[in-house]
Amino acid sequence: MSFDSVKNIDGIQSSGEFKNEESLSRVDPVSGGTQESKEGVSAVYEAKSQLINEYLQTEIGFGRYQWQLFVLTGLGWAADDIWLQGVAIILPQIENELRPVRVEYATMALYAGLILGASTWGVLADLIGRRLSFNITLFIAGVFGIAAGGANNFTTLAALIACLGFGVGGNLPVDGAIFLENIPQSHQWLLTLLSVWWALGQLLASLIAWPLIGNFSCPSATDCTRADNMGWRYNFYTLGAITFLMWFLRYFVFNLQESPKYLLAKGRDEDALKVLEHIARVNGKVLSLTLDQLQTVSGEKRAAGVPMSNLQIIKQSFSSFTLSHVKPLFSTRRLAINTSITIALWGLIGLAYPLFNGFITLYLTTHISDASSSVSTTYRNYVIISILGIPGSVIACLVVDWYRKDHSEKSMTDDRSGMSFSIGGRKLTMAVSTALTGIFLFLFTTSTKEADVLAYSCVTSLTQNAMYGVLYAYTPEVFPAPHRGTGDALCSAFNRMTGILAPAIKIVTTPVSGGASQTTANGPIFVAASLFLVSAILMMLLPIETAGKAAL
């Protein structure tokens with residue numbers, strides 16, 4: 001296995017560039033030393049990462065371990081949307097029973113927890129590893145989700161919702177990174193397909209809510225007691241139990257290994273090799289890579305270190321905590337522009353998405369002028385909308401892969417030339433699906449009949465899931481593994497920070513009860529549609545295209 005062979009494997013090119021061996025030997029593999037590649041990582045790490053990518057592609061492959069990881073990380077993504085929709089679903093029933101000043105404060109509480117969770121667990125993933133965040137987030141969400149179902153007043157409910165948000169908020173930045181770092185480049189398209197779990201989470205939440213809330217809820221706020229309005233509580237108990245089951249599968253059933261690329265970034269080459277050997281063994285393969293080969297690729301030899309306990313790893317990580325995982329994301333002009341636009345996109349979409357989806361059951365009950373929909377009809381329509389969102393993820397996956405095959409060679413050539421604004425692969429698919437989402441939301445504001453409201457909601461659900469599917473894949477791909485958790489955390493945290501503004505906008509633009517004109521009621525949706533269109537334009541300006549390249 002020669003060093004040169006790492007540079008190009010069956011036409012697969014990584015997003016970085018090699019330095020010569022003389023320069024490699026002068027760089028500290030953990031800190032990055034004084035010389036970095038143009039992608040914000042040390043040249044030593046880049047060389048080792050590409051060597052691992054080669055063995056993932058040629059020897060380990062995509063097998064049983066990766067399929068299990070696909071399911072378990074997918075369940076994490078499903079949990080994220082289960083609770084986003086789970087809170088949105090119960091808003092009318094909370095309003096009837098608990099009589100809060102503004103029911104939108106429940107959504108605001110959820111986003112407060114999501115902000116803290118996304119930033120905390122994402123950064124911890126780079127400091128002490130992916131496993132802790134992966135294993136504990138769903139436990140927290142499950143426990144507080146069940147507890148929230150027993151809340152006796154709105155203040156208690158909002159506090160418990162914030163706590164479950166802290167748990168579930170860590171799934172998106174961590175799960176995508178774990179999955180990406182354990183799959184060969186030929187299967188990176190599955191990162192886009194992973195978003196189908198997000199759509200399935202919405203469907204599951206709606207299927208559970210339909211019979212429970214539809215049959216065990218007050219029809220109005222008049223004389224609405226707890227005994228007559230148990231549907232939303234049953235809903236939370238069920239969703240909490242499902243989330244707890246997801247955690248059980250992660251922690252007790254699946255033997256998750258630490259990310260090999262995280263271990264490389266920490267200078268733990270021997271541990272990284274053991275992880276790769278475990279993955280190969282689970283897949284029924286034999287790994288020929290040796291520690292000497294892994295260290296020779298960088299012209300260095302390191303003595304095997306003494307294994308550290310989890311507590312020692314945590315202490316060591318926090319003792320050296322700096323902005324070392326943030327600065328590399330802005331280390332070059334090209335990378336700084338791409339990182340800034342990516343974070344801005346997550347922020348814009350983070351505000352646009354909940355402005356519509358966070359209150360969709362309210363819109364389904366208040367937007368129709370030609371019929372008086374029952375509670376059961378409202379949740380039946382919500383199930384239909386959720387079902388139509390699933391093909392969006394599949395369509396995005398197919399389109400992204402098609403463009404990758406046709407244009408990957410051109411995209412890679414353009415990227416190596418420096419500042420380039422080509423629109424192949426991920427970027428084009430994201431931009432088109434995001435623009436269509438904005439257009440259909442504008443059309444939604446013109447609808448007053450039940451059929452029109454349902455039709456525009458369904459097609460918007462499809463395009464939204466296509467958009468998120470590609471965005472979820474692009475974001476971890478564009479950040480190198482040593483800083484991937486932090487990059488994902490910045491994006492996810494900013495997404496939640498802007499999302500917390502959605503309830504405020506809804507409160508400002510919608511009266512407390514009755515008397516809302518059609519224009520006033522459509523205010524939040526107009527804002528959402530405009531933000532989606534602005535996001536589509538920004539996507540075209542991203543300088544880095546990740547299609548057809550193995551992630552570092």
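Data for the structure
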{"item": "Solvent-accessible surface (1.4 angstrom probe) belonging to Leu69, in square angstrom, nearest 10", "result": "0 Å²"}
{"item": "Computed label-point distance, nm, for sites Glu59 and Lys327 using a 7 Å Cα→Cβ extension", "result": "3.6 nm"}
{"item": "Gained length - Thr296 relative to Ala159, 0.36 nm times residue gap less alpha-carbon distance", "result": "44.0 nm"}
{"item": "Rough spin-label spacing in nm, given labels placed 7 Å along Cα→Cβ, for Val282 and Ala344", "result": "4.0 nm"}
{"item": "Calculated FRET value between Thr448 and Ile384, using beta carbons and R₀ = 22 Å, to 0.05", "result": "0.75"}
{"item": "Exposure ranking of Leu194, Leu443 by accessible area [1.4 Å probe, largest first]", "result": "Leu443, Leu194"}
{"item": "Extended-chain gain in nm, criterion 0.36 nm per residue less alpha-carbon gap, Ser220 and Trp67", "result": "50.4 nm"}
{"item": "In sequence order, calculated HN-Hα J values of the range 195-203 (Karplus, 6.51, -1.76, 1.60; Hz; x Gly/Pro)", "result": "5, 4, 5, 4, 5, 5, x, 5, 5"}
{"item": "Over 27 Å between alpha carbons, listed pairs Lys327/Lys427; Lys327/Lys506; Lys261/Lys285; Lys427/Lys449; Lys261/Lys327", "result": "Lys327/Lys506; Lys427/Lys449"}
{"item": "Added length on full extension, which subtracts the Cα-Cα distance from 0.36 nm per residue, Val101 to Arg334", "result": "79.1 nm"}
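The values are calculated or read from the model by the stated rules, or taken from the named source; none is laboratory data. This is a predicted model, so every value here is computed, not measured. As a convention, Cβ positions derive from the backbone with ideal geometry for all residues, glycine included, and neighbour counts pool all protein chains shown. Note: areas computed on protein heavy atoms with side chains; ligands, DNA, RNA excluded. Shrake-Rupley method; radii C 1.70, N 1.55, O 1.52, S 1.80 Å.
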